[in-house]
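Working notes for the structure below.
What follows draws every value from the coordinates through simple rules; no lab data is involved. Computed from a predicted structure; not experimentally measured. Here Cβ is always computed from backbone atoms with ideal geometry, including for glycine, and neighbour counts include all displayed protein chains.
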Amino acid sequence: MSDFIPLCVPEIRGNEWAYVKDCLDTGWVSSVGGYVDRFEKSVAVASGRTHGVATCNGTSALHIALLLAGVAPGDEVLVSSLTFVAPANAIRYLGAHPIFVDAEEAYWQMDVSLVEGFLARCERRESGLYNPASGRRVAAVLPVHALGHPVEITRLVGVAARYGIPVVEDATESLGATINGQPVGSHGLSACFSFNGNKILTTGGGGVLVTNDDALSVRAKYLTTQAKDDPVEYIHGEVGFNYRLTNLQAAMGCAQMESLPAYVDRKRAIAERYVGELSGAPGLSCMREAPGVRSSFWMFTILVDSSVYGMDSRALLRALGSENIQSRPLWQPLHLSPAHPGSEVLGGAVSERLYRDALSLPCSVGLRDADQERVIRLVRELAKS
Ligand SMILES: *Cc1c(COP(=O)(O)O)cnc(C)c1O
C-alpha cells in the first residue's frame with residue numbers, strides 16, 4: 001500500500017520549538033505573556049489593521065465580533081450558506097437568526113447581488129432596517145471568504161453601508177489572500193481569523209479578531225477576558241467570556257506567522273499544478289481566482305461532472321480513499337442543515353450543486369511533489385474507468 005496522503009495537515013518548520021520552549025523555560029505558559037501581544041500585533045499587521053485581539057478559537061472571535069457589531073437577540077444576520085457551520089452557530093449564540101445567502105457561480109463566494117436585492121426589499125425605520133417577511137431587524141452581514149478566496153468585499157461593504165448595516169468578515173479560511181493588493185480581513189467593521197489545525201497556519205487552536213476601531217478592540221479584549229474591571233478586588237462590570245488564547249499557543253502562532261508568505265506561495269504553487277494538470281481532463285473543472293484577487297488556495301477543490309467523468313464526487317472520494325489518498329466534499333449548505341431549521345435562504349441552487357459536485361484534494365503546505373503527482377495521475381486514470 002502506498003503512503004497515506006492527508007488532505008491538509010499543519011506545517012511546523014520554523015521557530016515553533018524555540019518560542020514554545022521559551023514559554024516553558026520562563027513559566028509564561030498561560031493567558032498573559034509577551035507572545036500573546038506579539039501574535040495579536042502580527043495578525044493585525046498582516047490583515048492591514050491597527051488592532052488584534054487573540055481568542056481561544058475562530059468561533060469565539062466571531063461570537064464577540066457579532067456582539068460588538070450590535071447583533072442582539074431576535075435580530076437577523078445575512079451569512080454565506082456554503083460554509084463550515086461556525087459562523088451560523090455564532091449568530092445563534094446571540095439569539096439571532098441566520099439568513100443564508102447562496103454562492104455565486106464563478107468563485108463560489110457569497111452572492112452580493114442577492115444581498116443587494118434583499119436589503120432593497122427591507123423597510124427602513126427609526127430603529128434600523130427591517131425584513132418585511134419576518135418583521136425582524138437586520139443587524140449585520142457576515143460574509144465568509146471561503147476556501148482561501150475573498151468575497152467581492154468592496155462591493156458588499158458599499159452595499160451594506162448604504163443601508164447602515166455593519167459587515168463582519170469571516171476570514172478564517174483565507175489569511176494571506178489579497179483583493180486588489182489589500183489583505184483579506186481589512187474591509188469590514190471587523191474580521192476574524194482561525195488558527196485551528198486545518199487552516200493555513202495553526203496554533204493548535206486559536207483565533208484573532210481584527211479591527212481599526214479603538215473602542216471596539218478594547219471592548220473585545222474586555223469581553224474575552226471575563227469583563228474584569230478590578231483585577232485585585234475581582235470586580236466584573238458585566239457577564240464576560242473566558243475566550244483567551246494562552247501564551248503557549250500564541251508562541252506557536254508567532255512562529256507560524258513568520259512563515260505565512262512562504263506558505264501562501266506554496267499553496268499557490270500546488271494549486272497551479274492541479275489547474276495545469278486537471279482542468280483539461282474530461283468532466284473536471286478547478287476552482288478559479290477572480291481578477292485582482294490573489295487567493296491563498298487554502299483548500300484546493302475541483303468539480304466533478306459525473307456524466308462526463310464517469311463517476312460522481314463521492315465515488316471519486318471512495319476510489320481515492322482506497323488508494324490511501326484523503327479527499328473531502330464541501331459542507332452541506334447551511335440552509336439544508338438540521339442545526340438551523342426553518343431559516344430563510346436567498347437562492348440556494350448554486351451551493352447545492354457545488355455540494356454535490358465538489359471534492360477537495362490533498363493540498364498541505366508540506367505536500368511532496370511526488371505525492372501530488374500520484375493524486376493527479378489517479379484522478380486522471382479514474383476518468384471513465
Ligand atoms: C475554521 C472556521 C471557523 C473557526 O473555526 P475554529 O475551529 O473555531 O477556529 C469559522 N468559520 C469558518 C468558515 C471556518 O472554516
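Selection within the stretch 152-185: residues that are in contact with a Cys (Cβ under 8 Å, 6 or more places away or on another chain) and among the hydrophobic types (A, V, I, L, M, F, W, C). The member of this set that is nearest to the ligand (Cβ to nearest atom) is Ala171.
Annotation: Gly176 fulfils all but one of (1) surrounded by fewer than 24 Cβ atoms within 10 Å (Cβ to Cβ); (2) over 16 Å from Leu66 (Cβ atoms); the unmet one is (1). The residues of the stretch 239-290 that are acidic (Asp, Glu) and in contact (Cβ under 8 Å) with a residue 12 or more places away in the chain, listed by number, are Glu258, Glu277, Glu289.
Considering only residues that are in contact (Cβ under 8 Å) with a residue 12 or more places away in the chain, surrounded by fewer than 24 Cβ atoms within 10 Å (Cβ to Cβ) and either within 13 Å of the ligand (Cβ to nearest atom) or not polar (S, T, N, Q) (or both), which ones fall in the stretch 200-221? Correct list: Thr202, Gly204, Gly205, Asp213, Asp214, Leu216, Arg219, Lys221.
Scanning the stretch 123-171 for residues that are among the hydrophobic types (A, V, I, L, M, F, W, C) and either farther than 25 Å from Thr59 by Cβ or surrounded by fewer than 20 Cβ atoms within 10 Å (Cβ to Cβ) (or both) yields a count of 4. Restricting attention to the stretch 93-112, does a residue exist that is more than 25 Å from Phe300 (Cα to Cα), in contact (Cβ under 8 Å) with a residue 24 or more places away in the chain, in contact with a Phe, Trp or Tyr (Cβ under 6 Å, 6 or more places away or on another chain) and of a type outside the set (Gly, Ala, Ser)? Scanning the stretch 93-112 turns up no residue that is more than 25 Å from Phe300 (Cα to Cα), in contact (Cβ under 8 Å) with a residue 24 or more places away in the chain, in contact with a Phe, Trp or Tyr (Cβ under 6 Å, 6 or more places away or on another chain) and of a type outside the set (Gly, Ala, Ser). Tell me, yes or no, whether the stretch 36-45 has at least one residue that is more than 22 Å from Ala139 (Cβ to Cβ) and touching an Asp or Glu at 6+ places or on another chain (Cβ under 9 Å). Looking for residues that are more than 22 Å from Ala139 (Cβ to Cβ) and touching an Asp or Glu at 6+ places or on another chain (Cβ under 9 Å), one finds at least one in the stretch 36-45, hence yes. Looking only at the stretch 260-298, which residues are small (Gly, Ala, Ser) and over 19 Å from the mean Cα position of the chain (by Cα)? Ala262, Ala269, Gly276, Ser279, Gly280, Ala281, Gly283, Ser285, Gly292 - these are the residues of the stretch 260-298 that are small (Gly, Ala, Ser) and over 19 Å from the mean Cα position of the chain (by Cα).
Residue by residue, here is whether (1) within 20 Å of the chain's Cα centre (by Cα); (2) surrounded by 13 or more Cβ atoms within 10 Å (Cβ to Cβ); (3) among the aromatic types (Phe, Trp, Tyr) holds:
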position: Phe4; (1), (2), (3): no, no, yes
position: Leu7; (1), (2), (3): yes, yes, no
position: Ala18; (1), (2), (3): no, no, no
position: Asp22; (1), (2), (3): no, yes, no
position: Tyr35; (1), (2), (3): no, yes, yes
position: Lys41; (1), (2), (3): yes, yes, no
position: Gly48; (1), (2), (3): yes, yes, no
position: His51; (1), (2), (3): yes, yes, no
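Here the stretch 68-103 is the region considered, the condition is being surrounded by fewer than 24 Cβ atoms within 10 Å (Cβ to Cβ) and among the aromatic types (Phe, Trp, Tyr), and the residue that is nearest to the ligand (Cβ to nearest atom) is Phe84.
Annotation note: of Val159, Val168, Val151, the sole residue that is under 15 Å from Ser47 (Cβ atoms) and outside any loop (DSSP other than H, G, I, E, B) is Val168. Screening Glu152, Glu169, Glu173, Glu233 for residues that are in contact with a Phe, Trp or Tyr (Cβ under 9 Å, 6 or more places away or on another chain) and over 23 Å from Val365 (Cβ atoms) leaves exactly one candidate, Glu152.
Restricting the stretch 222-259 to residues that are within 15 Å of Ile12 (Cβ to Cβ) and of a type in the set (S, T, N, Q) leaves a set whose member that is surrounded by the fewest Cβ atoms within 10 Å (Cβ to Cβ) is Ser259.
Checking each residue in the stretch 92-116 for being among the aliphatic types (A, V, I, L, M) and closer than 22 Å to Arg162 by Cβ picks out Ala96, Ile99, Val101, Met110, Val112, Leu114, Val115.
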